[in-house]
Amino acid sequence: MTNKKKADIIIKLLEDKYPEAVCGLVSGKDPHRMLVMAVLSAQTTDKIVNKVSRTLFIRFPTPESIAYSAAGVLEEEIRTIGLFNSKAKNLRLACKRLVEVYGGVLPSDMKELLTLAGVGRKVANLIRGDLFGLGGIVTDTHCIRICGRLGFVENKNPLIVERTMDALIPKGEQSDFCHRIVLFGREICNAKKPLCEGCFLKEYCKYNKTKNKSS
C-alpha cells in the first residue's frame, strides 16, 4: 500500500472517530485572538492558554492595546504561562507590525505571517488553516510523533514532517487532520504509553507492527 493510499484511509478513520475537528485554542476564529493565543501556546498547553485568555482579551481586546501597552502590564497578565517575558516581547512586536504595516488586518500569506515576531511555520500554518481555509500541516509534538509512528516520515525535523504530510494530505483536509491528530495523541497515541491494543489505526501503524515483531 502506498503512503498516499494509507493517508486517505487514516483521514477517513480519524474523521469517523473525531467528527468534531476543533482547534484546542478557543479563539472563536477571531484573528487577533488566534494570533495572540497561538504565540502564547508555544511549550504550553492549550488549557493554560485558554484559561489566561478569559481575562487577557478583556484587558487587551485589540492589536493596538497590546502593541502600545506599558512595560510590565502584559507580562503580569500572562505570568502563569511559560516564557511569559519573551512571549510578551514578541506579542508587542507582532502587534505593532500588524497595526503599522498591515493596518491591523492579519495577513494570510506565509511569508508575511513569518515576519511577525513569535510566529514560526507551525503557528503560521495553524492561522492559515483555521482562519483562511488554506490548509497547512501544524507540526506540533503530536503530529511529529504520530506521523512517525504511522510510518509516514522517520525524520523528526518539523519542516521535513510538514513537507512530507503536505504531499499526502489534501489541502482541504489538512487543518481538520491536524486537530484530529491532537485528539488522537491525547486519547490513544500518547508519548509514553500508547494504547496500541485497542487503537483503531493499529492495522496501518508501523510502530505497532514493529513492536509486535520484537515482542
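Under the condition of being among the small types (Gly, Ala, Ser) and under 15 Å from the mean Cα position of the chain (by Cα), which residue from the range 128-168 is surrounded by the fewest Cβ atoms within 10 Å (Cβ to Cβ)?
Quick first cut of the range 128-168, residues among the small types (Gly, Ala, Ser) only: 129, 133, 135-136, 148, 151, 167.
From the residues that got through so far, the ones that are under 15 Å from the mean Cα position of the chain (by Cα) too are 129, 133, 135-136.
On the way: GLY129: 23, GLY133: 11, GLY135: 19, GLY136: 23.
Taking the candidates together, the pick is GLY133.
What pairs can you find where one residue is in the range 130-143 and assigned to a loop (DSSP other than H, G, I, E, B), the other is modelled with pLDDT under 95 and of a type in the set (D, E, K, R), and their Cβ atoms are less than 7 Å apart, with a gap of 6+ or different chains?
LEU131/LYS29
In the range 108-119, which residue that is without any contact (Cβ under 8 Å) to a residue 12 or more places away in the chain and either of a type in the set (D, E, K, R) or surrounded by 15 or more Cβ atoms within 10 Å (Cβ to Cβ) (or both) is farthest from PRO31 (Cα to Cα)?
First, pick out the residues of the range 108-119 that are without any contact (Cβ under 8 Å) to a residue 12 or more places away in the chain: 109, 111-112, 114.
Filter once more, keeping what is either of a type in the set (D, E, K, R) or surrounded by 15 or more Cβ atoms within 10 Å (Cβ to Cβ) (or both): 109, 111-112.
On the way: ASP109: 14, LYS111: 17, GLU112: 15 Å.
Looking at residues that are without any contact (Cβ under 8 Å) to a residue 12 or more places away in the chain and either of a type in the set (D, E, K, R) or surrounded by 15 or more Cβ atoms within 10 Å (Cβ to Cβ) (or both), I get LYS111.
The values are calculated or read from the model by the stated rules, or taken from the named source; none is laboratory data. Quick caveat, the model's predicted, so the values are computed rather than measured. Cβ coordinates were reconstructed from backbone atoms using ideal geometry, including for glycine residues, and neighbour counts include every protein chain displayed.
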